[in-house]
Amino acid sequence: MLIFVYFKAKSYYAIGLYPIYMAFGAVYIEKIFETGWKRWLRVLAIALPVLFFIPMLKRSFPLKEPNQLIEDARKEGLDKHRWEDGKEYPISQDFADMLGWRELAIKTESLFFKINKEKSTIVICDNYGEAGAINYYKATEAFRAQSFNADYLIWLDEELKKSNIEYSDMIFVRQPGRDAPAEAHQAFENIVVVDSITHPWARELGTRIFWFKNAKVNLREYLQTIVTSQLNEAKTGKRKEENQ
């Protein structure tokens, strides 16, 4: 815990430690309250966490709409939340990370069905968080959002190798402040911004949904080339670390 505090880690990084504390603590408390009058203290050992949890429930859990949470926190003087960029915001970063996910999924799915009536479309996201959000909140299984990021890179590689679909268009979800890749303009006839995340308290406010229209190349092979290149880079990097 001290190491996490020293390096200013995100608070939820410590979650992996708690099961260990709980397991050892539970056995220890059981031994202490095992015999005699101390057995009656087991009730107290159960009641205390519940009693402490009740006030924490109101302050630490996002059970209300963001605006109401912000207003309640302001009244109690708890409206300052420092994010990893070092700046203070009226809402916690953990909560802001999740805002906009449903909106992104709905807008992406809507665009997919608009395009996919006549064309074969693939959905690619900038990072695994966006892909995961879309896959979790989308209403149907008509498509699966993919990414060149983290484990999605491996899953995308598998999908491209198994699929016989000749994609013509691509929906590309891009983080705020990032434009369409320069090389993509050469691979598609047209690139347009269709929509974006507009939730005012979303951490990824402004994340844009691009429509890459009419591929001028074999899109599946084009994407496979990118995936293979990144996988090779990852393997090379791993070998370098192993050699060192």
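The values are calculated or read from the model by the stated rules, or taken from the named source; none is laboratory data. Quick caveat, the model's predicted, so the values are computed rather than measured. A quick note on method: Cβ atoms are made from the backbone with ideal geometry, for glycine too, and the neighbour counts reach across all protein chains shown.
For the stretch 14-26, a residue qualifies if it is assigned to a helix (DSSP H, G or I) and surrounded by 10 or more Cβ atoms within 10 Å (Cβ to Cβ), and the qualifying residues are ALA14, TYR18, TYR21, MET22, ALA23, PHE24, GLY25, ALA26. Count of the stretch 136-158 residues, restricted to those that are within 23 Å of THR228 (Cβ to Cβ) and either under 21 Å from the mean Cα position of the chain (by Cα) or outside the structural domain of TRP211 (by TED's automatic domain parsing) (or both), is 15. The single condition from (1) surrounded by fewer than 18 Cβ atoms within 10 Å (Cβ to Cβ); (2) touching a residue at least 60 places away in the same chain (Cβ under 8 Å) that PHE148 fails is (1).
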